[in-house]
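Right, one structure below, let's go through it.
Every number here is computed from the coordinates shown, using simple stated rules; none is lab data. The model shown is predicted, which means the values in this text are computed figures rather than measured ones. Here the Cβ positions follow ideal geometry from the backbone for every residue, glycine too, while neighbour counts run over all protein chains shown.
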Amino acid sequence: MKFLKCQIQCQMNKKIFQQFFGPIRKAHFAGPPPPISPLAAATSLIKSYFDRGLLSDARRVFDEMPERDVVTWTAMIYGYASNSHHHDAWSAFRAMAAAGFSPNEFTLSSVLTACRAMEFAAVVHAVAFRRGVEGSSYVGNALLSAYAACGGIGDALKLFDEIPQRSDAMWTTIIAAYVQWGDAHAAVNMCCRMFQEFTELNPFTLSISLRASSAAGSLTLGKQIHGIAVKTGHTSDLPVSNAIIDLYSRCNSLLESRQYFNEMPQKNLITWNTMISALDRFGSIEACHLLVDMYLQSFKPNCFTFTSVISTCANLSILSLGLQVHAALLQRGFGTNQQMANALVNMYAKCGNIADSQKIFDEMSDRDLLSWTSLINGYGVNGFAKVAIELFEEMIRSGIKPDSVAFLALISACSHAGLIEEGVNLFSLMEIKHGVRPDIEVYGCIIDLLGRRRRLREAYELIEMMPIEADESTWGALLGACHIHGEVELGRLAAEKIMKMKPNGGKTYVILSNIYAARSELTDSAEMRKMMRDAGRIKEAGISSIELREEIYNFVAGDRSNPCVVLASEVLEMLIYHIEEMGEMDGSDWMHENMENVNDDYF
DNA sequence: AAAGAGACGC
């Protein structure tokens, strides 16, 4: 100690001191700390209880205190609010006023975090206005957050525009609100205004700008902000770096995202979760590998992690892994989380295990639109279209409003089960009865449905009548139907539309060529293939995979080297034979649908 | 002794 004092007296450079001895502690300079009053000690005890989530202990200390002041009351209000006990926070605020204390800036900003309805926020706003603190840094920002959360972006923006001195936190709040309410374009505009006002960016403003860029899909802006973060040294801030991973993955640069992740010297749980969910969105099995890697590096997965990995198991239909992950998450007590349960319903359904899917659904305490849609889709893809429709009606009765995804699941179920009239009926009622405007995917699905039953003219007329512009997948649905039914003229028209929109798509050429080949218009077919060769188009091989007894089998079009494929073809032929025998369906139609890859076999 | 803004799931 003597040595240190001597050094300081010698006016040692502060920075050098910190380099050797760490941050300078107050005690080195200020001598013994002043005695703490019992009131202050109790207040700080209250805070520490709240920090650890021990609400009743905090309350007990508060109740036993012989005297309290504004600071004590504020600690109670903030403690409840930060533990999501909004009602208790508000009660404490009122009790404080009844006890004759008037709130200060600390109190007001604390109680604002507990406002979950406009009326409450407006009351606090009025109090803040009377005291002239509504534009102060903390209170102003808390007001903005409350308005954005309770009212909407309009109310928040009105307030924001009236504040003469805007702090960086206020900019962060308003941009976050835009992103949250889904207006990425406005969020990006706000970022540009902020850059003009604040030349120095901090980790908060950087991470929200990255989030706005990725929401708007602007890789250019995102890269610029990434550059600023590198230059200012803020990439060592984990939220900033995590936002960078998210940016690249959401702008379709999974490779860059992965590279950045690999090179990060420090990671936290959210870093892993961000990367895993990115891999899941890209349908990569790497998501599962990364779960193992994080275990090896002693990170504990949470419900976010498990939800992403379960989703990967669902999308890749890997039941054995799904079961293992399910067991692991039950062991950790994550089974009751709603998003997780939704993901499990989806996983079992997509893996063909509809009974377990239903079981998870039945055990859920609350079911939202996603839970119902997952189960409905599950029954649909497993061939139980009638059950799917019944479930849909049950969902409506339980008071949940459907969206276009729910209709997509239903109509697609009808399409695959051959329930044409039911499908058309649902489609025609979706806007009139349920107020859901069909999106481009629903149109694609209904066109597919009509096309499968050779109602090609109707499908074509629907495309012409659509209020939104048809894209290549809409025309692709028609083209596919023309393929099944050997409709050359309409098929040619659809193919031309697609080639105009997406000249590099090899698949279109293949299908059109197949249509010609099937109609013995071999000259046209040969010409198509020549066109493709000339244009240098290469169709990526489509791979189907199936998991059986803990092994994954891949099927590539036209591959006869794999004995499994030969066996599978034989089984398929047997199935078709039985179906034809039962006379439930025109077997040749069915074969065309399911042997699509096999027809591509000259690639 | 008490207060604000950012990153991960559909």
Contour excess over end-to-end distance, with Cα ends at A:GLU421 and A:GLN324 and 0.36 nm allotted per residue: 30.8 nm
Cross-link table A:LYS267/A:LYS300; A:LYS350/A:LYS386; A:LYS223/A:LYS267; A:LYS386/A:LYS433; A:LYS300/A:LYS350; A:LYS223/A:LYS497, entries beyond 24 Å C-alpha to C-alpha: A:LYS300/A:LYS350; A:LYS223/A:LYS497
Between region A:246-276 and region A:144-193, the alpha-carbon center distance in angstrom: 27 Å
Surrounding net charge for A:MET574, when Lys and Arg each add one and Asp and Glu each subtract one, Cβ distance under 13 Å: -4
Inter-label distance, nm, simple model (7 Å from Cα along the C-beta direction), A:HIS87/A:THR336: 1.8 nm
Sites A:LEU296 and A:ASP471 - FRET efficiency at Förster radius 45 Å, r taken between beta-carbons, to 0.05: 0.55
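Using a Förster radius of 60 Å, what is the FRET efficiency between A:ALA98 and A:GLU464 based on their Cβ-Cβ separation? Nearest 0.05, please.
On the way: r = 69 Å, r/R0 = 1.15.
The pair A:ALA98/A:GLU464 has a calculated efficiency of 0.30.
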Cα shape, region A:216-277, gyration tensor, a/c 1.5 rule: oblate
Region A:325-465 pair-distance distribution - Cα-Cα, 5 Å bins, rounded %: 2, 10, 19, 22, 17, 12, 9, 5, 3, 1, 0, 0
Relative pair counts by distance (%), Cα atoms of region A:116-181, 10 Å bins: 24, 59, 17, 0
Computed label-point distance, nm, for sites A:TYR138 and A:LEU269 using a 7 Å Cα→Cβ extension: 2.8 nm
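Treating the beta-carbon of each Lys and Arg as +1 and of each Asp and Glu as -1, no other charges, what is the dipole magnitude of region A:224-370 about its Cα centre, to the nearest 20 debye?
The dipole of region A:224-370 has a size of about 120 debye.
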Spread of Cα-to-Cα distances over 5 Å intervals beginning at zero, given as percent, for region A:409-450: 6, 27, 37, 22, 7, 0
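Peptides A:383-390, A:288-295, A:198-205: what's the order by average Cβ count within 10 Å, highest mean first? Can you show the working numbers first?
Details: A:383-390: 18.4, A:288-295: 16.6, A:198-205: 15.0.
Final packing ranking: A:383-390, A:288-295, A:198-205.
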Distance in nm between pseudo-label sites at A:SER569 and A:LEU369 (7 Å out along the Cβ direction from Cα): 4.6 nm
Added length on full extension, which subtracts the Cα-Cα distance from 0.36 nm per residue, A:CYS192 to A:LEU54: 45.4 nm
